[in-house]
Each structure stands twice: as C-alpha cells, then as structure tokens.
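Notes for the one structure printed next.
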Amino acid sequence: MTSSHALRGTTLSFRDNPFLAPPSECLNVTEDALILIEDGIIKAAGSWQELSPDLPAGTPVTHYPDALISAGFIDTHVHYPQISVIASYGEQLLEWLTRYVFPAEAAFADPAVATEAAGRFLHELLRAGTTTAAVYCTVHPQSADAFFTEAQKLGLRMIAGKVLMDRNAPEALRDTVRTGYDQSADLIAKWHGKDRLSYAVTPRFAITSTPEQLEAAGDLLDSAPGLFLQTHLAENREEVRAVAELFPKSRSYLDVYDRAGLVRRRSVFGHAIHIDEPDLCRCHETGAALSHCPTSNLFLGSGAFRLSDAVAAARPVHVGLGTDVGAGTSLSLLSTMGEAYKVALIGGHRLHPVQALWLATRGGAAALGLEDRIGSIAVGMEADLCVLDGGTDDFLRWRLERCDTVQDQLFVLMTLGDARCVRATWAGGRRVYERPESPPGP
Ligand code: GUN
Ligand code: ZN
C-alpha cells in the first residue's frame with residue numbers, strides 16, 4: 001500500500017548554481033508550498049493554492065508555519081567514532097591524532113561501543129538537520145557494520161566505510177593490504193546498495209597507507225559500480241611534508257592518490273587546503289570533489305581552504321561542506337556555513353547565504369554524484385528535508401523578525417543558528433526527528 005504524507009510551509013529550492021549565476025537569482029522561495037510525498041519520494045512540490053485541490057482525500061498534512069523547509073543537509077566528511085573526542089585541547093593534526101583520536105578509535109574493536117556511538121551520532125546528525133553524510137568508521141569492520149545497521153534502521157541515505165591503515169599507526173589500529181582489502185570487500189558485499197546505503201573505500205590518508213594499500217583501494221573501487229572513495233588531502237603543512245618524503249616520486253599530494261587510481265567521480269577529498277592549480281584542474285577533469293571543513297580547519301589551526309579558487313567558473317571543482325567532527329566543532333551544517341563565510345571573508349571573498357545553502361544541500365549532493373536523488377525539493381527526489389526556524393531562542397527569533405528577506409533570514413540562521421534551529425527532520429518521507437516543545441529541564 002502506498003504511504004502518503006504532505007508538508008506545508010515555505011520551501012527553499014534552487015533554480016541554478018549560485019557560484020555560476022548571480023546568487024540572489026538562484027534561490028526559489030515558495031511562500032506557502034505543498035510537498036506531497038509518496039513512498040519516500042516527492043511526488044509534487046509547488047504552491048499550496050495550486051496543488052492542494054488535487055491532494056488525495058485523507059492525505060495527512062503537517063503544517064510548518066513560520067519555518068523554512070529545505071532539502072536535508074549533506075555532510076561530506078565526518079568521523080562518527082570521534083564524537084567522544086570533539087573539543088580536545090591544544091594540538092595540531094598529527095599530535096591530535098596520536099593523543100586523542102587513535103586511543104578513542106581503539107575502543108571500537110568492541111561492537112557494543114560502536115553500536116552505542118553510531119546510535120548517538122545519528123541522533124545528533126538528525127537533530128542538526130543532516131540527512132546524508134559521508135562517514136569514516138574505524139579500522140575495525142565491526143565499526144562499519146554497527147554504523148550501517150543503525151543507519152538502515154532509520155531508513156537514511158548514508159555513505160560509510162572502514163578505515164584502511166597499514167602503517168604509521170598504533171598496532172591495534174593497523175590492518176594489512178590483504179586484511180584491509182578482504183574486510184572492505186566483505187563490507188561492500190554486505191552493505192553497498194542495500195536500501196539507501198553506499199560504501200566508501202576509506203584509506204585514512206597517505207601517511208597511514210603504503211603505496212600497495214592505496215593500489216588495493218583502487219582495485220576495490222573497481223570492484224562494484226557506485227562505490228565512493230574518501231580520504232584526507234593536504235590538510236596540514238607538516239602532513240604535506242611527511243607525504244612528500246614518503247612518496248618522493250609524486251608531483252603533489254593529490255598525485256599520490258592519482259597514481260593509485262583514486263582520483264575520480266565520487267572521490268571526496270577532505271580539507272585540500274594546501275593544493276595548487278594543477279591539482280584543482282585534475283579534480284575538475286575527473287569530477288573528484290573537495291570537502292570544505294571550516295570548523296575543523298580553524299580548530300586544528302590547519303589553514304584556510306580557498307573556496308573561491310576551487311569553484312572558479314573557468315574550471316569549477318565540486319565542493320561540499322564537511323563538519324569533520326571530532327576535529328570539527330559542530331555537527332551542524334548551519335554553524336559550518338557560518339564559519340565558511342568567515343573563512344572566505346578573511347581570504348577577501350564574500351560567501352553569499354544562498355551559496356552557503358547550496359554547499360550544504362544541492363552542491364553537497366553534486367559533490368557526491370547524488371544530485372538526481374537528494375539535495376533538492378523537486379519531483380522525483382527522495383524526501384529528505386529539514387525544517388528551520390528561530391527555535392526556542394527568544395533573541396534569535398527577535399533578530400529573525402527584523403529580516404526583510406528570506407536570504408537575510410538564512411544569513412542570520414547560519415551566523416547565529418545551529419541544531420536548535422531545526423524544528424524537524426524528515427528522511428525517506430518519515431519524520432525522524434522533532435524538536436521537543438521546550439528544552440528538557442536540569
Ligand atoms: N587526517 C587523517 N586522519 C584524520 C582525522 O581523523 N581527522 C582529521 N581532521 N584529519 C585527519
Ligand atoms: Zn577528517
């Protein structure tokens with residue numbers, strides 16, 4: 001039997017890419033809109049006045065007055081096992097990994113730890129309005145099993161993979177070329193393409209994989225259609241120097257991955273701060289994507305991603321936003337949009353709120369090659385949505401009331417807002433999160 005539901009409220013969608021056309025002309029705001037969902041897919045979207053007479057009798061309608069309905073947010077780079085080390089003091093990347101991350105990830109040998117963390121993480125994502133993420137697990141295959149199991153229960157579109165790491169890491173966190181390949185292949189057979197789940201081959205970064213393991217990652221990518229590749233690229237200067245020493249024949253850090261066949265469509269490179277023009281050209285040519293992780297780059301003192309260079313109209317590169325928790329300081333894409341604005345401005349560029357929303361939704365979907373399924377409110381798309389408002393914060397609501405346009409409201413939300421501004425999250429046509437009426441007491 002078909003399951004139908006309708007949402008009513010102000011919807012936000014895109015007419016065009018705001019990095020290639022004037023941003024203020026790219027946002028489509030429908031003030032009183034209807035979204036009809038059948039079996040998890042958007043069947044109609046447009047003006048309530050025009051479409052509601054055709055609404056099948058008895059269709060339940062959820063009305064969100066005074067709210068903005070957007071496509072669900074897309075986080076293109078995040079580590080679920082690191083939620084317990086978010087906000088850990090005092091180190092840059094390599095020391096931070098050794099001191100905080102590796103000990104936390106070692107605990108994921110225990111499936112109970114992994115299951116508990118995956119459930120908590122997914123709840124936090126939905127609370128932040130994020131409906132799809134590209135997620136790093138740990139080296140343990142059971143960490144990926146736990147993640148996929150929990151994501152499947154919620155009916156989410158998620159991308160994840162077991163980390164590959166065969167050197168320069170504690171023994172308890174190392175695999176080998178053989179075990180890494182076999183465990184990934186088993187996980188691909190078990191999870192890739194099941195419901196809305198996809199597998200990402202996940203070599204952590206060039207420092208922790210031998211050239212042979214990177215080659216094996218390329219073989220894995222060729223083993224089934226639609227697989228993703230996720231890894232870190234040129235995040236930190238010390239890291240870049242170490243990679244140059246480990247791979248002296250490569251022209252650049254990206255070239256290390258390229259030689260192993262890892263630079264292609266559905267490859268997502270986190271950070272990409274210290275890369276040059278030939279690297280950007282190579283990403284453009286291949287369709288590989290970069291994940292901009294501003295809260296993480298600020299938190300670890302890594303540097304400033306040059307967004308305007310990456311998306312330059314002459315050879316645009318796909319870019320999405322990543323929270324990169326636990327180096328990132330928030331799972332909220334609203335907060336991440338706000339920090340991306342500040343980083344762009346330091347570099348002499350203005351990130352328009354419509355561009356920021358694009359990165360968090362439609363642009364993120366395009367970065368992942370999923371723009372025909374998620375990232376916009378349109379007929380035929382999967383019904384993954386988030387509903388935004390001023391929340392229970394009196395001052396934020398007061399400030400929002402002083403906005404003349406939806407674009408101004410968006411800018412206030414991304415500058416001052418976070419998960420508290422998410423009234424509800426829908427995934428696959430089901431409401432998977434609803435903000436409690438008032439915050440729980442002490
Ligand atoms: N580079 C290699 N591993 C990691 C990680 O877990 N987080 C971040 N931010 N960078 C990395
Ligand atoms: Zn990361």
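Values in this text are rule-based calculations from the coordinates and carry no lab data. Just so you know, these numbers come straight off a predicted model, no measurement behind them. Backbone-built Cβ (ideal geometry, glycine too); neighbour counts: all protein chains shown.
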Once amide H atoms are built 1.01 Å from N in the peptide plane, which residues 5 or more positions from Thr10, or in another chain, come under 5 Å H to H? Ala33, Ala67, Ile69
Roughly what % antiparallel, to the nearest 5, for the DSSP beta bridges in the chain? 45
What value, in deg cm²/dmol to 500, does the helix sum -39500 (n - 2.57) over DSSP H runs of n ≥ 4 give at 222 nm once divided by the residues of the chain? -10000 deg cm²/dmol
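What does the charge dipole of the chain about its Cα centre add up to, to the nearest 20 debye, if the Cβ of each Lys and Arg holds +1 and the Cβ of each Asp and Glu holds -1?
On the way: 39 positive and 54 negative charges, 25 e Å.
Charge dipole, the chain, about its Cα centre: 120 debye, nearest 20.
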Please name which of Val406, Gly369, Phe299 has its Cα lying farthest along the dipole of the stretch 284-441 towards the positive end, using unit charges on Cβ (Lys, Arg +1; Asp, Glu -1) and the Cα centre as origin. Phe299
Backbone N within the stretch 103-119 under 19 Å of label point (7 Å from Lys190 Cα along the Cβ vector): 106-119
Cα-based helix-to-principal-axis angle, 333-346 vs the chain, degrees rounded to 10: 70
By count of other Cβ within 10 Å, fewest leading, how are His284, His349, His318 ordered? His349, His284, His318
Listed residue (Leu290, Thr179, His192) projecting farthest to the positive dipole end of the chain, Cβ model: Thr179
Ordered by fewest other Cβ atoms within 10 Å, a rough proxy for footprinting exposure, Ser308, Ser209 read Ser308, Ser209
Between Arg350 and Arg15, what is 0.36 nm times their sequence separation minus the Cα-Cα distance? Round to one decimal in nm. 118.5 nm
Rank the residues Met381, Met158 as a footprinting-exposure proxy: fewest other Cβ atoms within 10 Å of their Cβ go first. Met381, Met158
Can you tell me the 0 to 90 degree angle between the C-alpha axis of helix 237-246 and the longest principal axis of the chain, rounded to 10? 40
Tell me the angle of helix 111-127 to the major Cα principal axis of the chain, expressed in degrees between 0 and 90 and rounded to the nearest ten. 40
Considering only C-alpha atoms, what is the centroid distance from the stretch 129-148 to the stretch 59-125, in Å? 9
What nm value, rounded to one decimal, do you get for the distance between Asp222 and Lys342 when each label is placed 7 Å out toward the C-beta? 4.6
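Give me the extension gain from Arg120 to His284: residue separation times 0.36 nm, minus the current Cα-Cα distance, reported in nm with one decimal.
Details: separation 164, 0.36 × 164 = 59.04 nm, distance 3.62 nm.
Fully extending the segment from Arg120 to His284 adds 55.4 nm.
With the cut-off at 1.5 for a/c, could you classify the stretch 392-442 from its C-alpha gyration tensor as rounded, prolate or oblate?
Since a/c reaches 1.5 but b/c is at least a/b, the shape of the stretch 392-442 is classed as oblate.
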Cα centroids of the stretch 229-298 and the stretch 341-406: how far apart, whole angstrom? 26
What length, rounded to one decimal in nm, is gained on full extension from Ser308 through to Asn28, with 0.36 nm per residue of separation minus their alpha-carbon distance? 98.5 nm
Along Cα→Cβ, 7 Å out, is where each label goes; now give me the distance between the ones at Asp182 and Thr405 in nm to one decimal. 6.0
Relative contact order computed over the chain (Cα-Cα under 8 Å; 6+ residues apart), in percent: 19
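Under 37 °C and 0.692 mPa s, how fast does the chain diffuse according to Stokes-Einstein, given a Kirkwood radius computed over C-alpha pairs? Answer in µm²/s, whole number. Write down the numbers at each step before the final one.
Working: Rh = 21.9 Å.
Value of D from the Cα-based Kirkwood radius: 150 µm²/s.
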Would you work out which of His349, Leu20, Pro103 lies farthest towards the positive end of the dipole of the chain, given +1 charges on the beta-carbon of Lys and Arg and -1 on that of Asp and Glu, about the Cα centre? Leu20
Cα-projected label distance for Tyr89 with Glu50, points at 7 Å along beta-carbon direction, nm: 5.8
Averaging sequence separations of C-alpha pairs under 8 Å and six or more residues apart, then dividing by the length of the stretch 151-221, give the relative contact order as a whole percent. 42
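Using a Förster radius of 41 Å, what is the FRET efficiency between Asp66 and Arg237 based on their Cβ-Cβ separation? Nearest 0.05, please.
Between Asp66 and Arg237 the formula returns 0.30.
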Phi-based couplings in Hz for the stretch 145-154 (Karplus 6.51, -1.76, 1.60; Gly and Pro marked x): 4, 5, 5, 5, 4, 5, 5, 5, 4, 8
Can you list the HN-Hα couplings for the stretch 69-82, worked out from phi with the Karplus curve (6.51, -1.76, 1.60; θ = phi - 60°), rounded to whole Hz and with x for Gly and Pro? 9, 10, 4, x, 6, 10, 9, 8, 6, 7, 10, 5, x, 9
Residue by residue through the stretch 167-181, the couplings from Karplus 6.51 cos²θ - 1.76 cosθ + 1.60 with θ = phi - 60°, in Hz, x for Gly and Pro, are 6, 6, 8, x, 3, 5, 10, 9, 9, 10, 3, 5, 5, x, 5
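Dipole size in debye (nearest 20) for the stretch 12-130 around its Cα centre, Lys and Arg Cβ +1, Asp and Glu Cβ -1? Could you put the intermediate results ahead of the total?
On the way: 5 positive and 16 negative charges, 46 e Å.
Approximately 220 debye in magnitude.
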With a cut-off of 14 Å, note down the residues of the stretch 272-310 whose backbone N falls inside the zone around a label point 7 Å from the Cα of Asp372 toward its beta carbon. none
